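The values are calculated or read from the model by the stated rules, or taken from the named source; none is laboratory data. Since this is a predicted model, take the numbers as computed values, not measurements. For neighbour counting, all protein chains shown are included, and Cβ atoms are generated from backbone atoms with ideal geometry for every residue, glycine included.
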Amino acid sequence: MDIKDFTDTSNLTFELRLQDLKQAARDGLITEQQAQDLWQRWSQGQHWQATRPVDPNAPQPAQPAVAGGPRFSFVNVLYYFGGLLAIGAMTLFMTLGFQQMGPTALMVLGALYLFAALKVADYFKARSLPVPAGLMATLAVFLVPLIVWGAQHLMGWWPPGGPDSLASYHTRIDWRWITLEFATLLAGVVMLWRYRLPFMVMPLALTLWYMSMDVANMLLFDHRWEWEFMRDMSLVFGIGTVAVAMWVDVRTRLSKTAEWRQDFAFWLYIFGTTMFWCGLSLNDSGSELAKLGYCALNVVLVLMGAAIGRRVFTVYGAFGVMFYLGHLSHEVFRDSFMFPFALTLLGLGLVALGVWWQRHESAIAAYLSRYVPQGLQPRA
């Protein structure tokens, strides 16, 4: 019987169960988040009705699209607001009175919190609730510095001098934090491998940012503050973090397992690009040629963001171009009568370019994809 015999399907319905969606997620056809969202939508009265049967002979894609992040909804706002409050309570908002319990009590309390957070993460993940599960697992990663700090003080291994309050970990640059940062990275990678939830990458990327400043402080003679060296270390760590993000991006996009096709590179791109761009922009370019090179590099960032589908590159690149145009306006052509008109024409030209780009975006993406490795091509 030919597939065309089934084109009249106006009265055809299918019975779909939650188990069917979960099985589809295990088979890699959809993600767990998509299965949960579909079931919530249909269970609220929007029933499945087939409008066109799937042709079994039609070519299928080699693999499903990479899972995107959670949608902006009131439920997710509650999840993130509550989760970030719990994280902040044990990090940025930790009071001195809380720390007066002593290192032993803090270490034990941190370990109990970590164990409880992981148990709650297990509970949520088993019920296909990845957003709260990821938040609880992320809280567990943020508790690692508290446990290590308490253990080091208890064993007498904390280097003398420096901050005597763990609350300073998030506000003060000091080489003594490096042991906490290495422990956080190690524990975070292990827990990420266990739970495979993308938001857990955020504390790892944040720790790499902290480490860029603390390593610079360690390498400086007598550990003094020297912002030029800090700036250069931020640039180097930013390049390294972006390189790691691209490696993770390729591995996740080409993975054959649905859990590993989630966007684990998002936070690495955010923090890596921030470190790189800030370090680059704080450099004092002595010549106009160097400043023009800075602008050209930011244009490359804009194109790179379009080529691999990462808006963070495009946003920072656009900021860099605007800074260069501001330099031209206030320094080079500040006495020029025609420069504002030329800049207006340039702005209108960019708007026209945006209209043209939108009309031909598919063709442009297809053209740029020729020069981008398969694992870094924009997500569907």
Taking into account only those residues within segment 174-196 that are over 20 Å from HIS153 (Cβ atoms) and not hydrophobic (A, V, I, L, M, F, W, C), which is surrounded by the fewest Cβ atoms within 10 Å (Cβ to Cβ)? ARG194
Residue check, TRP149 of a type outside the set (Lys, Arg), under 19 Å from GLU181 (Cα atoms) and without any contact (Cβ under 8 Å) to a residue 40 or more places away in the chain: no
Candidates LEU303, LEU368, filtered to the one that is modelled with pLDDT of 75 or more and within 29 Å of the chain's Cα centre (by Cα): LEU303
Please count how many residues of segment 189-218 are among the polar types (S, T, N, Q) and either at pLDDT 95 or above or under 17 Å from the mean Cα position of the chain (by Cα) (or both). 1
Members of segment 326-342 found to be surrounded by 14 or more Cβ atoms within 10 Å (Cβ to Cβ) and part of a helix (DSSP H, G or I), listed by number: HIS327, LEU328, SER329, PHE339
I'd like to check which helices (runs of 4 or more DSSP H) are fully inside segment 122-206 and have at least 1 residues that are closer than 23 Å to ARG231 by Cα. 178-195
Taking interchain pairs and intrachain pairs at least six residues apart, which have beta carbon atoms under 7 angstrom, with the first residue in segment 80-99 and at pLDDT below 85 and of a type in the set (A, V, I, L, M, F, W, C) and the second assigned to a loop (DSSP other than H, G, I, E, B) and surrounded by 12 or more Cβ atoms within 10 Å (Cβ to Cβ)? MET90/LEU143; LEU96/SER165
